[in-house]
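Below is one structure; the comments refer to it alone.
The values are calculated or read from the model by the stated rules, or taken from the named source; none is laboratory data. Being a predicted model, the structure only gives us computed values, none of them experimental. Please note: Cβ atoms are built from the backbone with ideal geometry, for glycine as well, and neighbour counts cover all protein chains shown. What goes into the accessible areas is simple: the full protein's heavy atoms, side chains included, and nothing from ligands, DNA or RNA. Shrake-Rupley method; radii C 1.70, N 1.55, O 1.52, S 1.80 Å.
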Amino acid sequence: MIFSKDKIDKLQQFINGTPKKIVLLAHTNPDGDAIGAALAWRRYLERLGHTTMCIAPNRYPYFLEWMRDIPYINVFKEDTEGKMANFISKADLIFCMDFNQINRLEGLSDTVSASSAPTILIDHHLNPPQEEYDLVFSDPSASSTSYIVYNLIVTLASEEALDYPMAESLYVGFMTDTGNFSFSNLTADLFRAVAVLIDKGINVPTINSAVYNNFSEGRVRLLGYLLNDKMVTLFEYGVAYMALTEEEMRRFNFKAGDSEGFVNYPLTIRGLNMSAMFSEHKNFIRISFRSRGNVDVNVFARRYFNGGGHRNAAGGKSFLSMDETIKKFNAAITEYFGDASSNGNIIPPDVIP
C-alpha cells in the first residue's frame with residue numbers, strides 16, 4: 001500500500017510537534033476492525049506525546065473484552081458526566097476510524113459535527129465524502145481499516161514502531177474484517193503484514209479462539225433458532241434472509257455483538273449468493289447484507305435501503321415495521337435480479353459450483 005508523499009507530509013504536520021488533544025472515533029456497533037484500528041493508532045499517537053480518547057457511540061461486543069488495550073475504548077452512551085463530549089469540544093484533531101459518514105455515529109453525530117477541530121478519515125469503505133474531511137486515507141481495496149493503519153505506522157516509523165499491544169489490536173482487525181481470512185481483498189502483502197505481527201509475539205490460535213470461541217450460550221441457541229425457524233430461502237434468486245425481533249432478542253438474553261456474523265451462514269448453502277439479516281430496534285430495522293460472486297450488495301443497499309458498504313458486505317436501515325420492511329425487500333429482490341431464470345449469477349441448488 002503506497003500513500004502519496006503529499007498526504008503523508010500533511011499527516012505529519014497534523015501529528016508531529018506540539019502535543020494535542022486527539023479524539024479517535026469508532027462507528028456505532030463497533031466491530032473488531034474499528035476497535036483494532038482505533039486502539040493501534042491511539043497507541044502510536046500517545047507515543048508521539050499526544051493526549052487521546054477513543055470513543056465508540058455504544059458498547060463493543062463482549063467477545064472483544066479480553067483485548068489488552070480495550071479499557072481505552074470509551075462508550076458515549078455510558079458517559080453520564082459529559083466527559084467525552086467535553087473532550088471532543090476541546091479536541092485539536094479528530095480521527096474517524098472505519099466509517100466515512102458522520103451519521104454512522106448516531107447519537108454522537110451532533111457533538112462531533114459541532115467541533116471545529118480538523119477531521120482526518122482512515123477508512124476502507126466506498127464513496128467517502130472527501131469534502132467533509134481535512135485529510136483522507138481511504139482505500140476500498142484494503143481488506144480492513146486496521147490494514148491501512150498498519151501501513152501508516154510502518155510508513156511513518158517502520159516496523160520497529162509496532163509493539164505487542166499494537167500487533168494484537170491490528171491482527172484482530174485483520175482477522176475479523178476478512179472473516180478469518182476467507183473474504184476477498186486478501187493479498188500477499190496482507191499476509192506479509194501478518195508475519196510481522198507474529199514476529200511481535202501474537203499467538204494466532206489464542207486470538208482466534210478468544211474471538212470465535214467466546215460466545216454466550218444464548219448466542220449459540222439464538223443462531224440455531226434463526227437458522228432452523230427463521231431463515232427464508234429464495235433459490236430462484238439465490239437469496240436468503242432472516243429477521244430477528246426485539247422479543248426474540250430478549251428471549252435469548254441478547255447481548256451487544258451476539259448477532260455478529262449471523263448473516264454469513266446462509267452463504268454456506270450451495271446455490272445462495274446473497275444473504276440479508278433484519279434486526280429490530282426501538283425506532284428502526286437494522287439490515288446487514290452479504291454476498292459472493294458478482295452480486296453487489298453495496299449497490300443494492302444504496303438503492304433500496306439508504307445504506308452502502310462494500311461489494312460483498314453492506315448495511316442499511318428501514319424505518320418501516322418488520323413486516324413492511326420484508327415486503328419491501330422481497331419486492332426489491334424481484335426488481336434487482338429481474339428474471340431469475342435468466343440471471344447468470346444464480347446457481348441452481350442441485351448444482352455444485
Give just the number: which of (1) assigned to a helix (DSSP H, G or I); (2) open to solvent by 70 Å² or more (accessible area, probe 1.4 Å) does Met84 not satisfy? (2)
Filter the stretch 284-304 down to the residues that are at pLDDT 90 or above and farther than 14 Å from Val263 by Cβ, then identify the one that is most open to solvent (accessible area, probe 1.4 Å). Arg303
Given (1) in contact (Cβ under 8 Å) with a residue 40 or more places away in the chain; (2) more than 20 Å from Ser109 (Cα to Cα); (3) surrounded by 15 or more Cβ atoms within 10 Å (Cβ to Cβ), identify the lone condition not met by Leu48. (1)
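Any idea which residue in the stretch 18-33 is surrounded by the most Cβ atoms within 10 Å (Cβ to Cβ), counting only those that are in contact with a helix residue (DSSP H, G or I) (Cβ under 7 Å, 6 or more places away or on another chain) and of a type outside the set (Val, Ile, Thr)? Step through it out loud before you land on a result.
Step one: filter the stretch 18-33 for residues in contact with a helix residue (DSSP H, G or I) (Cβ under 7 Å, 6 or more places away or on another chain), giving 21-28, 31-33.
Next cut, of a type outside the set (Val, Ile, Thr) only: 21, 24-27, 31-33.
On the way: Lys21: 17, Leu24: 26, Leu25: 26, Ala26: 33, His27: 25, Asp31: 22, Gly32: 26, Asp33: 27.
Top of the filtered list is Ala26.
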Which helices (runs of 4 or more DSSP H) sit wholly inside the stretch 130-239 and have at least 3 residues that are free of Cβ contacts under 8 Å to residues at least 40 places away in the same chain? 188-199, 204-212, 217-225
Can you tell me how many residues in the stretch 118-134 are charged (D, E, K, R), surrounded by fewer than 21 Cβ atoms within 10 Å (Cβ to Cβ) and either more than 25 Å from Lys21 (Cα to Cα) or modelled with pLDDT of 95 or more (or both)? 1
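Could you tell me whether any residue of the stretch 124-141 is of a type in the set (Gly, Ala, Ser) and within 23 Å of Tyr171 (Cα to Cα)? Walk me through how you get there before you give the answer.
Within the stretch 124-141, the subset of a type in the set (Gly, Ala, Ser) is 138, 141.
From the residues that got through so far, the ones that are within 23 Å of Tyr171 (Cα to Cα) too are 138, 141.
Yes, that holds for at least one residue.
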Restricting the stretch 71-80 to residues that are open to solvent by 30 Å² or more (accessible area, probe 1.4 Å) and not aromatic (Phe, Trp, Tyr), which is nearest to Leu170 (Cα to Cα)? Pro71
Quick one: would you say Met277 is assigned to a strand (DSSP E or B), open to solvent by less than 10 Å² (accessible area, probe 1.4 Å), farther than 21 Å from Thr178 by Cα and of a type outside the set (Phe, Trp, Tyr)? no
Screening Arg68, Arg59 for residues that are in contact with a strand residue (DSSP E or B) (Cβ under 8 Å, 6 or more places away or on another chain) and either open to solvent by less than 50 Å² (accessible area, probe 1.4 Å) or part of a loop (DSSP other than H, G, I, E, B) (or both) leaves only Arg59
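Hey, can you tell me all the residues within the stretch 220-239 that are farther than 30 Å from Glu78 by Cα and open to solvent by 30 Å² or more (accessible area, probe 1.4 Å)?
Of the stretch 220-239, the ones farther than 30 Å from Glu78 by Cα are 224-239.
Result: Gly224, Tyr225, Leu227, Asn228, Asp229, Lys230, Met231, Val232, Thr233, Phe235, Glu236, Tyr237.
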Looking only at residues in the stretch 240-263 that are assigned to a helix (DSSP H, G or I) and open to solvent by 50 Å² or more (accessible area, probe 1.4 Å), which one is nearest to Val295 (Cα to Cα)? Glu246
Taking the condition farther than 17 Å from Glu106 by Cα, open to solvent by less than 20 Å² (accessible area, probe 1.4 Å) and not in a loop (DSSP other than H, G, I, E, B), does Leu39 pass? yes
For the stretch 94-103, state whether one or more residues are open to solvent by 40 Å² or more (accessible area, probe 1.4 Å) and under 21 Å from Ile287 (Cα atoms). yes
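So, in the stretch 188-216, of the ones that are among the polar types (S, T, N, Q) and modelled with pLDDT of 95 or more, which residue ends up surrounded by the most Cβ atoms within 10 Å (Cβ to Cβ)? Please lay out each step first, then the result.
Pass one, the stretch 188-216, residues among the polar types (S, T, N, Q): 203, 206, 208-209, 213-214, 216.
Narrowing further to those that are modelled with pLDDT of 95 or more: 203, 206, 208-209.
Details: Asn203: 12, Thr206: 11, Asn208: 14, Ser209: 11.
Here the residue is Asn208.
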From Phe181, Phe137, Phe174, grab the single residue that is of a type in the set (A, V, I, L, M, F, W, C), open to solvent by less than 20 Å² (accessible area, probe 1.4 Å) and out of contact with any Lys or Arg (no Cβ under 9 Å at 6 or more places or on another chain). Phe174
